[in-house]
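Written out below as structure tokens is the structure these notes cover.
Nothing in this text is a laboratory measurement; each read-out follows from the coordinates by a stated rule. A quick note: this is a predicted structure, and the numbers were derived from the prediction, not measured. Please note: Cβ atoms are built from the backbone with ideal geometry, for glycine as well, and neighbour counts cover all protein chains shown.
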Amino acid sequence: MARNAEKAMTALARFRQAQLEEGKVRERRPFLASECSELPKAEKWRRQIISEVSKKVAQIQNAGLGEFKIRDLNDEINKLLREKGHWEVRIKELGGPDYARTGPRMLDHEGKEVPGNRGYKYFGAARDLPGVRELFEKEPTPAARRTRAEMMKEVDAEYYGYRDEDDGLLLPLELIYEKQAVAEAVEKWKAEKEARISGAGGAAADEEEESIYAVERDEEWDEGNREQTEEEEGAHTFIAHVPVPSQKEVEEELVRRRKMELLERYASESLMAQSQEAKTLLGM
């Protein structure tokens, strides 16, 4: 009996007894904010919702709760945040302050929205759930395409290969490969020559190679119109097979052509006819 008496004297028991005696029963929050018509009660329900959201946000930070529990908590938090917004609208309708504009947004900032899914937020460990982490990973920004004007700024003489020889490395390499190519060409020519001689039966093996510059002498050709270059040791003789006019003949021909051009330009037809008639009489 003494034990039951002690339980009845505790503070909680006395508080509960006082509520029952006064007829006060704990009032439940209305399901719809529009059902509340008193501003103090609307503010009380808003504060109650904020308290519940704070507790659930603290719980969802624990990643050991399990995937399903974390998803349920995250859904409940989003549901409470939407309900808080409804009560803030109702408080404004009843003449209270506009909490949507002036109220603290600490709870909203703790959540993170998925790009393209406005309104639903992920809190705490929910952001690391499978399938959610990938949604927050940013795609690499594509490289900006360069315009034609920007690319033309880098086009210079080096772009076209005019400065490839300035480093002093290309010319020696080209010289080496050039010598190799010449040596290969000479060896190929010699091999073809030997094959050609052996195919002819060896009859022309001792003959000298015919010179492509050799010119046979024409005894009937006029010796006065022949022009030869200076002979050097081992050099071949070059002969002109057409008559070459002298400098004086060239000058006389140019003077004659100039006279004819002036006559055709300035002389009248009658004067030209008289000149032609005079030439005919003189036998010119």
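Side notes on the structure shown:
- Arg28 paired with Asp166, simple spin-label distance in nm, labels 7 Å along Cα-to-beta-carbon: 8.8 nm
- Peptides 87-95, 29-37 ordered by average Cβ neighbours within 10 Å, highest first: 87-95, 29-37
- Full extension of the chain segment joining Leu281 with Ala58 gains 66.8 nm, where the gain is 0.36 nm per residue of separation less the Cα-Cα distance.
- For Lys41, the lysines whose Cα comes closer than 26 Å to its Cα, not counting residues fewer than 8 places off in the same chain, are Lys24, Lys55, Lys56, Lys79, Lys84, Lys92.
- Summing charges over all other residues whose Cβ lies under 12 Å from the Cβ of Leu173, with Lys and Arg as +1 and Asp and Glu as -1, gives -4.
- Extension gain, Lys190 back to Leu262 (0.36 nm per residue minus Cα-Cα distance, nm): 19.6 nm
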